[in-house]
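The next block holds one structure in the form of structure tokens; read it before the comments.
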């Protein structure tokens, strides 16, 4: 029972992903939705690292770097969009966004 | 037993941090919950022999990305009164149902697959250490094309962020 196998890490990643998904669905503040995306990306990273350990190859850890870069790029663009929306609407809630026109 | 505790303690901290992220009402508290999750994940990475990834996780995620988040939170102000009224009827209930299905499916796959879906690999007995040398050796040979493409992505993202943040009206007044 006390032996930690790969399944445990995969289960933890599954729970973490589900929490991120749940938060993404129930929260309306765009910033917190972004944090939930980060949670989901980190869950995927954990599965990559666990698989890397399981198979004894380094490729999983290299893949984590690509996920990390994509996450950083996504946060930069996303936060810039949130800031420019906030200038017009003075709210970060996604419920008030009903215009494509700026 | 020590191995079990080394898994259990960071894993619980990961989940506690994740729950703070989705349930706390003050955005600064959410950000701190995310920091807790990221640092605990770095500890788990170390126990999985991925030392360099753990280091990068601390520097890039817990350092740079979270600083960016906190900057934006401070910039647009902490609005605590998020509408708790559902704009779609029965949304929370529906999402909880979907969540239950998702979580049971994911854990079922995680426990039962035992990686039998991929017969090209077999679980190995020896351990590899995720040192910078080993990672760089793979990254700059087998993964060199994705590496170059991802550098273009970073340039594009930086340009896009500048273009979005550039306020044309305000600029014209100053000139």
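List of remarks:
- Across peptide A:30-38, the average count of Cβ atoms from other chains found within 10 Å of a residue's Cβ is 6.
- Cβ-derived FRET efficiency at R0 30 Å, residue B:149 paired with residue B:25, nearest 0.05: 0.15
- Neighbouring Cβ atoms from other chains, within 10 Å of the Cβ of residues in B:129-138, number 3 on average.
- Cα centroids of region A:53-96 and region A:15-30: 14 Å apart.
- Counting Cβ atoms of other protein chains within 10 Å of each residue's Cβ and taking the mean over peptide B:89-100 gives 2.
- Adding -39500 (n - 2.57) for every DSSP H run of four residues or longer, then dividing by how many residues the protein assembly as shown holds, sets the calculated 222 nm ellipticity at -24000 deg cm²/dmol.
- Spin-label model distance (nm) - residue B:159 vs residue A:3, 7 Å beyond Cα toward Cβ: 5.4
- Take the Cα of residue A:97, step 7 Å toward its Cβ, do the same at residue B:64, and the gap between the two points is 2.4 nm.
- Peptide ranges A:3-13, B:67-77 listed from the most packed, as the mean C-beta count within 10 angstrom indicates: A:3-13, B:67-77
- Label-point separation, residue B:133 to residue B:16 (7 Å along Cα→Cβ), nm: 3.9
The numbers here are math on the coordinates, done by the rules we state, and not lab data. What you see is a predicted model, and the numbers here were worked out from it, not measured in a lab. Virtual Cβ from ideal backbone geometry, glycine too; neighbours counted across all protein chains shown.
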